[in-house]
């Protein structure tokens, strides 16, 4: 199998009359993180959705391990996880139950793995509370625990530090750095620069389309 590499080639995307992505090119290899920066409306979320196959570009292509993702989207999706603005949580379930449901669709994980992931993000104290009783920051931490449990190479993250305090923002940088150190790769849309070592960190600034 070829090395884990993600490439965007000459991507163009319109939203109505607006040309959001204009010939965007990038390459992300194993051990690297590409942070997407730019003002609101510059196309950061649109690019992430295009990368994961939720939006179709009018021109250009996205390649994973050297192959166009459109050739086999299910196979590509099995190797990546996308975390959007709103965590994919069911409000009536507890944090732990959410992880069992969310991750269980993809892979079998033990109770110990889930407990370790929750502890790693500081969620062990309220793991058995219904999600609707949690703060926005706590919900974000549940989503980060799910990210750890996903066990995939590619992370696509849209503003992962939203609603987190300073310690939480720093922790996101640590989680990404550990993922890169294990051979993973990430593309992250950010409003503020990630708090992590510059090693392996690259930036793609998008302008107003």
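Computed from the coordinates by the stated procedures, all read-outs in this text should not be read as laboratory data. Being a predicted model, the structure only gives us computed values, none of them experimental. Backbone-built Cβ (ideal geometry, glycine too); neighbour counts: all protein chains shown.
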Whole-number value, in Å³ per residue, for the convex hull of the alpha carbons of segment 86-176 is 89
Can you list, largest first and rounded to whole Å, the semi-axes you get for segment 149-209 by taking the square root of 5 times each eigenvalue of its Cα gyration tensor? 18, 15, 12
Per DSSP H run of at least 4 residues, take -39500 (n - 2.57); add these up for the chain, divide by its residues and hand me the 222 nm value, nearest 500 deg cm²/dmol. -9000 deg cm²/dmol
Over segment 3-46: Kirkwood hydrodynamic radius from C-alpha pairwise inverse distances, Å: 11.8
Among beta bridges that DSSP assigns inside the chain, antiparallel share in %, nearest 5: 50
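Treat the count of other C-beta atoms within 10 Å as a stand-in for reagent exposure and order 139, 100 from fewest to most.
100, 139
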Fully extended, how many nm does the chain gain between residue 111 and residue 125 (0.36 nm per residue separation, minus their Cα-Cα distance)? 3.5 nm
According to a simple spin-label model (label point 7 Å from Cα along Cα-to-Cβ), what is the distance in nm between residue 85 and residue 151? 3.3
Per the rule of 0.36 nm per residue minus the C-alpha distance, extending residue 5 to residue 202 adds in nm 69.5 nm
Proportion of all alpha-carbon pairs of the chain beyond 29 Å (%): 24
Order of 92, 17, 7 from fewest to most other C-beta atoms within 10 Å? 17, 92, 7
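What ranking do 56, 101 get, fewest neighbouring Cβ atoms within 10 angstrom at the top? Spell out each step's value before the answer.
Values: 56 9, 101 14.
Sorted ascending by nearby Cβ count, the order is 56, 101.
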Pairs of Cα atoms farther than 16 Å apart, segment 131-178, %: 36
At 7 Å along Cα-to-Cβ for each site, give me the label-to-label distance between residue 75 and residue 163 in nm. 3.7
How many nm is it between the label spots at residue 67 and residue 170, if each spot is 7 Å from the Cα in line with the beta carbon? 4.3
Can you tell me the relative contact order of segment 73-188? Whole percent, Cα pairs under 8 Å, sequence separation 6 or more. 34
Which values, in whole Å and largest first, are the semi-axes of the equivalent ellipsoid of segment 19-133 obtained as the square root of 5 times each eigenvalue of the Cα gyration tensor? 32, 17, 14
